[in-house]
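Note sheet for the following structure.
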Amino acid sequence: MLQTGSPGELFGLVFDPQGHRLAWASQNTLGLFDPESGKTNTIPIQGNQGLFVGINFSPDGREIMFASHTNVLLCELATLQLRMFARGEEEVLSLAYSPDGTLLAFGHQGGAVSLWERKSGRKVSSILAHAFGTVMVEFSPGGEWLASCGGPSIQLWAARRDQLTPVGKPLRGHAGYVSSIAFSPDGTRLVSASSDSTLKLWDTVEGNEMGTLHGHRGGAHGVVFSKDGRHIYSTGEDGDVRVWEAPPLAELDRPTQGTPVQSGPARTKQSK
């Protein structure tokens, strides 16, 4: 078992892009673990008043950014120095780097999505996206799109340097709130997980629902594509980690909207 050196509950767990370091946060510390050396570093966080969310490494692995209440904090890993990146009036629930590291997207409790320049720290755009808070934001692998989710809806955005522009109408179909979204490696598909216990697969080019995946007993919480884009991994309230087959769109006879791509998991790994 890894000794974190961080008393109390831990929030977030993420590897850097190269898989060389693992990071997490507690109420008063930021933790870093090097699997090769077994060394752990903990960095004190002074004056924290909220829980940490949206912890992420930059694409080059040189820094970590995370949010606490209305503050967004930045840790430069070369010096292990912690500083404020942005301070706002509205709580930040999620954050994401663009693939080239030049932009940041924040999801806010009031339902807004904001876009920021990483280098200058300047907010360049803010737009109301969801009525029930924006719980997750995710850039496409090519950086041309941003996806956000809140309540039962998902919205795709064209992510330009100076603005966010909605692409099509909100993607709706889940009966519960959407808790997690993820792009396929080629950006042509989006998968969503919901409290209604289902996953849904979306065609990002046409904006259509490609199918519904059933299997979790209770809400589905987390979802991600494999690196080759041929499988989807999901977690849920039932304690299961499920693995689903997800062939690229070019290998499918494109189903009509709402037709299940697959009615259950191809393989299931259960963790109790």
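Brief remarks follow.
Table: residues versus (1) in a loop (DSSP other than H, G, I, E, B); (2) surrounded by 14 or more Cβ atoms within 10 Å (Cβ to Cβ); (3) at pLDDT 90 or above; (4) in contact with a Lys or Arg (Cβ under 8 Å, 6 or more places away or on another chain).
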position: VAL191; (1), (2), (3), (4): no, yes, yes, yes
position: ILE232; (1), (2), (3), (4): no, yes, yes, no
position: ASP238; (1), (2), (3), (4): yes, yes, no, yes
position: GLY258; (1), (2), (3), (4): yes, no, no, no
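- With respect to the conditions (1) at pLDDT 95 or above; (2) surrounded by 19 or more Cβ atoms within 10 Å (Cβ to Cβ), PRO59 lacks only one, and its number is (2).
- Any hit, region 202-217, residues being buried (at least 17 other Cβ atoms within 10 Å of the Cβ) and closer than 17 Å to VAL137 by Cα: yes
- For region 196-225, the candidate set comprises residues that are of a type in the set (Gly, Ala, Ser) and under 16 Å from the mean Cα position of the chain (by Cα); within that set, the residue that is modelled with the lowest pLDDT is GLY222.
- Breaking point among (1) at pLDDT below 95; (2) in a strand (DSSP E or B); (3) under 30 Å from THR42 (Cα atoms), for THR79: (2)
- Among the residues listed as GLY133, GLY101, the single one being more than 22 Å from ASP16 (Cα to Cα) and either in a loop (DSSP other than H, G, I, E, B) or under 16 Å from the mean Cα position of the chain (by Cα) (or both): GLY133
- Residues satisfying the stated conditions in region 67-98, i.e. on the phi > 0 side of the Ramachandran plot and either under 18 Å from the mean Cα position of the chain (by Cα) or hydroxyl-bearing (Ser, Thr, Tyr) (or both): HIS69
- Inter-residue pairs, beta-carbon under 6 Å, first touching a residue at least 12 places away in the same chain (Cβ under 8 Å) and buried (at least 24 other Cβ atoms within 10 Å of the Cβ) and in region 147-161, second in a strand (DSSP E or B) and acidic (Asp, Glu), 6+ apart: ALA147/GLU138
The values are calculated or read from the model by the stated rules, or taken from the named source; none is laboratory data. Being a predicted model, the structure only gives us computed values, none of them experimental. Virtual Cβ from ideal backbone geometry, glycine too; neighbours counted across all protein chains shown.
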